[in-house]
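Single-structure report; data block below.
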Amino acid sequence: MIDHDRRKLVLASSAMVTGAVLPVSSRAQQRSVMNDASGLSATPVFSHRILNTDTEENLIAALRAELKSATSQKRPVAIAAARHSMGGQSLARNGSVITFAAPRCDVDKSAGVFRVQAGTRWHEAMQVLDPLRESPAVMQSNSDFAVGSTFSVNAHGWPAPYGPFGATVRAIRLMLSDGSILTCSRTENTELFSLAMGGYGLVGILLDLEVEMVPNTLMRPEYERMDADALANRFLKKLADTAMVRLLYARLNVARANFFSEALLVSYTADPTPPEGLPPVTRRGALTGLSRSVYRAQIGSEPAKRARWVAETQGAPRLGSGVATRNTLLNEPVSNLGASPAGRTDILHEYFVPPARFNAFLSACRQIIPKAKAEFLNVTLRYVARDDTSVLSFAPANRIAAVMSFSQAMTSEGEADMLLMTEALIDQVSALGGSYYLPYRLHARVDQFHRIYPGAERFAARKRHYDPGLLFRNALWDNYLAV
Ligand SMILES: Cc1cc2nc3c(=O)[nH]c(=O)nc-3n(C[C@H](O)[C@H](O)[C@H](O)COP(=O)(O)OP(=O)(O)OC[C@H]3O[C@@H](n4cnc5c(N)ncnc54)[C@H](O)[C@@H]3O)c2cc1C
């Protein structure tokens, strides 16, 4: 698809949400329109099956039956979990969408891993790990998402000093388009392992994963305020100097007038003498110090953005010790962010920046973001170590990740504004040798995608090899890889 058509398609999808016609055929009752967390990805599908199977044998049989039927009717298939990707990455247009709904998680202490069914949500895995004093080595925020999705997008989190989640996955079992099942790892079926890690479900269906864990423990925070331009150095120094720093993030101020001028670095070190019994995991997370109402009040209000920064930099550090278990800090629900007001939606962006170019990235953001109509709500900065396993790697060298949250109007104007801002940010980050993240809106131009993901051509060719009938498809494939 040429770029011009792609842009029209992205904008048309937002028109669908804002009241235009949905192309739903009346002849097949199974047909429906599905969406994802953006609310902007309305996609007609042939069917959505929720597989609540009691045994693994039945799950495999149900998946094989679905693949056989889809193959014979030339229908695409996509696996969807919590559908928090934001550009139809979990949806197959006019295809079969499958969601797993029977979680399973077993801990193997002697091997230092847990074995988890791909559809298991992180908060469900936590319920198994926590009583055994174990914790996922890497986990994204938030815990509503499925472990299999985390591998499929190769998400990263704020545990340090790790690379993306895939770095802590020892093996996966993958069902290919012909229904065969292969174990894939760094020593077995290695090419499939590299394709499936961050491969958005395009080479096969993940059945389960073997994931590394670390001891759960009490963590104590330290807060440091500084000029934003001093952050990158301090961030790396903190990691290098303090072997005990195990969780690390930073934030920047977001009010338009002095945008990205100040930083707060929050680092957690493990308690050297943890008590015998740890408090059980809660679904509190790390954001709790910042109330939902303060977070949401930022939409359309510059004074509220300034007040939020004061609350976060001065209030939260004084609210108690901040000591919590690793599991409780990681187990953050999306609901901590509160609900979007009617007519608006939260859209995430994420950029991975070479640390040496981080201040140039901040300058580019100061030029581009405050001019946009979208309301900038938050940026969280993290460290991501190099990933040279996944074919669609977003971190070919160590990176500082900037996770940005915007609130945008669900209108064509809101969508066009977001698209233009995204393109401008990607151009800048690309010029700095960085990359952008793929699970969000499909606003990057096709040339930007291919420049930033040089493995994309090989990914598409090998996907065609393993899935010659192109059974596994979603909007990411349709927009960037199909041609
Ligand atoms: C509020 C919020 C916070 C976030 N925080 C982070 C973060 O901290 N770090 C980070 O890296 N990302 C983060 N993300 C992005 C997030 O990791 C991805 O959007 C992730 O995909 C969400 O998981 P999900 O269960 O909703 O996946 P879905 O959107 O349902 O699926 C995502 C992809 O995984 C594929 N997939 C799912 N299950 C399978 C399977 N069994 N077999 C094959 N393919 C499968 C789907 O087909 C799809 O391509 C965040 C997103 C949001 C909205």
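The values are calculated or read from the model by the stated rules, or taken from the named source; none is laboratory data. Since the model is a prediction, treat every value here as computed from it, not as a measurement. Every residue, glycine as well, gets a Cβ built from its backbone with ideal geometry; the counts of neighbours run over all protein chains shown.
Which number in (1) under 22 Å from ARG49 (Cβ atoms); (2) away from the ligand (no atom under 11 Å from the Cβ) marks the one condition that ALA146 misses?
(2)
When you look at LEU11, is it touching a Ser or Thr at 6+ places or on another chain (Cβ under 8 Å) and either of a type in the set (Ser, Thr, Tyr) or modelled with pLDDT under 95 (or both), yes or no?
Against the criterion (touching a Ser or Thr at 6+ places or on another chain (Cβ under 8 Å) and either of a type in the set (Ser, Thr, Tyr) or modelled with pLDDT under 95 (or both)), LEU11 qualifies.
Inside the stretch 297-340, can you point out the residues that are among the β-branched types (Val, Ile, Thr) and either more than 30 Å from LEU278 (Cα to Cα) or outside the structural domain of THR282 (by TED's automatic domain parsing) (or both)?
ILE299, VAL310, listed by residue number.
From the list ARG83, ARG64, which one is of a type in the set (Lys, Arg), under 18 Å from ASN154 (Cα atoms) and within 16 Å of the ligand (Cβ to nearest atom)?
ARG83
Take GLY148 and tell me if it is within 18 Å of the chain's Cα centre (by Cα) and modelled with pLDDT of 95 or more.
Criteria met by GLY148.
Return only the number of the condition from (1) out of contact with any Pro (no Cβ under 7 Å at 6 or more places or on another chain); (2) touching a residue at least 40 places away in the same chain (Cβ under 8 Å); (3) not in a helix (DSSP H, G or I) that ILE400 does not satisfy.
Unmet for ILE400, out of (1) out of contact with any Pro (no Cβ under 7 Å at 6 or more places or on another chain); (2) touching a residue at least 40 places away in the same chain (Cβ under 8 Å); (3) not in a helix (DSSP H, G or I): (1).
When the residues of the stretch 316-359 are filtered to those that are among the small types (Gly, Ala, Ser) and buried (at least 16 other Cβ atoms within 10 Å of the Cβ), which remaining residue is nearest to the ligand (Cβ to nearest atom)?
In this case the residue turns out to be SER340.
May I ask you to list the residues in the stretch 185-200 that are crowded, with 21+ Cβ neighbours inside 10 Å and closer than 17 Å to ASP388 by Cβ?
Selection gives LEU192, PHE193, SER194, LEU195, ALA196, MET197, GLY198, GLY199.
If I go through the stretch 149-160 residue by residue, how many of them are surrounded by 24 or more Cβ atoms within 10 Å (Cβ to Cβ) and either under 17 Å from ASP208 (Cα atoms) or not assigned by TED's automatic domain parsing to the domain that holds VAL211 (or both)?
6
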